[in-house]
Amino acid sequence: MAVRVADIFAAAGRHVLAQRTVAPVVAAAYRAILDCRTAELGGHIKRCANGHVVGVWYNACRNRNCPRCAFVRVQRWLARQATTLLGCAHHHLIFTIPHDLAFLWPANYAALGNLLFHCARDALFELAADPRYLGARPGALFALHTWGQQLALHPHVHALVTAGGVDRTGAWLPAPRRHFLPAEPLSQLFRGKFLYGVRGLARTGRLRLPPGWTAATVEARGRDLRHKRWNVYICERYEHPTGVLNYLGRYLHGGPIAESRLLAFDGERVTFRYKDYRDRGPDGARPKLLTLARDEFLRRYLQHVPPKGFHLVRGYGLYRRGGSSEALRRRVRAAVPLTPHLQASLTARLSPPPAPLAASDTCPACGAHLLVVWSEPRAAPLSTRAA
């Protein structure tokens, strides 16, 4: 029998929220996943006058952290990208903050998340503007992930960047380099901007610090990190960016782990599959198994719930929605159109909604008319309620 995240939450029970201090948005996500497609959210039942029940349909929670609600949301997100994406090759870049600073993340998710987005964007566009590398402004789609394969805290931003951009005249310039930008200068730029931003947050009191820490402590930690190598990974050019988009979309909704990776749960311990990127074989990272106590799995899962209203995906340059970028992108898309193949691969393939019950529908058991005999108004998304 397949293991669901909701099964693990149900084994822990609702009282687990009273045993730990969690943000309201985290408590709301927990309850939403627990109640998704259950009688708690209402629904409808089709049955005949003779008491034969034909079907029961409960409402979905629609919370962005719920793995059972992820598929439709991801497909719709991919379809929206078809209206933005340019028909050119793309690069996949990854900006990661070091573990020496990751411990500040849980208490400063929004502040450090915004900083990570802004610093990665500024470093990318500053280097891309250099005529030695591109001399143009590309389009970039950034997506924040905060987890690793074992669900540990690992904040990083994935960037899908056009292999080219527009110059000051609005003309399209293709990227001359297969790797787009040199990794070391990009890493140094990103490191300097992020450390400067962290120090600024600490100095102005906008960074929640651990007990005993002061702005001076952050300054000292920043000086140490200036001499360490930061991970900025640049993949080779992708002629068809759908693979990267599908990868990003898979983790934008539904939480930090796909339920297909959950292998076993005995009520106390959870076993799931992961890839060990530090142990690579001929076929890449080796797949391994990890078993965690139920409470530890819950802690790791819930630490990745983003603050309410925090945007996990952001577009910049030619991929920024609205404003002057919209008109410029339309002109560029005329010169670099999306191919029909890419258009089809990004268009949502959603099942059509079920047709409403007609009076002529009959019960397969007795032939009597089927009616909706119980109906509750659809609950508002639990993510919008006060915990």
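The values are calculated or read from the model by the stated rules, or taken from the named source; none is laboratory data. It should be emphasised that the depicted structure is a prediction, and the values quoted were computed from it without experimental measurement. No Cβ is skipped: glycine too gets one built from the backbone with ideal geometry, and neighbour counts run over all protein chains shown. In case anyone asks, the SASA skips ligands and DNA or RNA and just uses the protein heavy atoms, side chains included. Shrake-Rupley method; radii C 1.70, N 1.55, O 1.52, S 1.80 Å.
Quick notes on this one:
- Hey, R80 assigned to a helix (DSSP H, G or I), within 24 Å of A258 (Cα to Cα), free of Cβ contacts under 8 Å to residues at least 60 places away in the same chain and open to solvent by 30 Å² or more (accessible area, probe 1.4 Å) or not: yes
- Checking each residue in the stretch 234-267 for being buried (at least 19 other Cβ atoms within 10 Å of the Cβ) and over 30 Å from P182 (Cβ atoms) picks out H253, G254, G255, P256, I257, L262, F265.
- If you go through the stretch 74-116 and pick out every residue that is within 15 Å of L144 (Cβ to Cβ), in contact with a Gly (Cβ under 6 Å, 6 or more places away or on another chain) and of a type outside the set (F, W, Y), you end up with 1.
- Selected residue (only one of A102, A171 is among the small types (G, A, S) and touching a Leu at 6+ places or on another chain (Cβ under 8 Å)): A102
- Of all residues making up the stretch 4-24, the number that are within 22 Å of the chain's Cα centre (by Cα) and either of a type in the set (D, E) or surrounded by 15 or more Cβ atoms within 10 Å (Cβ to Cβ) (or both): 7
- Subset of the stretch 30-48 that is within 28 Å of the chain's Cα centre (by Cα) and charged (D, E, K, R) - its residue that is surrounded by the most Cβ atoms within 10 Å (Cβ to Cβ): D35
- All of (1) under 30 Å from V3 (Cβ atoms); (2) touching a helix residue (DSSP H, G or I) at 6+ places or on another chain (Cβ under 9 Å); (3) among the small types (G, A, S); (4) open to solvent by 20 Å² or more (accessible area, probe 1.4 Å) hold for A27 with one exception: (4).
- Test: residue in the stretch 27-36 that is more than 22 Å from G309 (Cα to Cα) and touching a residue at least 24 places away in the same chain (Cβ under 8 Å): no
- Within the stretch 285-302, not a single residue is part of a loop (DSSP other than H, G, I, E, B) and of a type in the set (D, E, K, R).
- Close contacts from the stretch 47-67, counting a first residue that is farther than 30 Å from C366 by Cα and at pLDDT 85 or above and a second that is part of a loop (DSSP other than H, G, I, E, B) and open to solvent by 90 Å² or more (accessible area, probe 1.4 Å), with Cβ to Cβ under 6 Å and a gap of 6+ residues or different chains, come to A60/R37.
- Residue check, P307 under 18 Å from Q149 (Cα atoms) and either assigned to a loop (DSSP other than H, G, I, E, B) or within 23 Å of the chain's Cα centre (by Cα) (or both): no
- Members of the stretch 220-263 found to be in a loop (DSSP other than H, G, I, E, B), closer than 30 Å to R199 by Cβ and touching a helix residue (DSSP H, G or I) at 6+ places or on another chain (Cβ under 6 Å), listed by number: W230
- Consider the stretch 85-114 and keep the residues that are free of Cβ contacts under 8 Å to residues at least 60 places away in the same chain and not in a loop (DSSP other than H, G, I, E, B). The one that is least open to solvent (accessible area, probe 1.4 Å) is A102.
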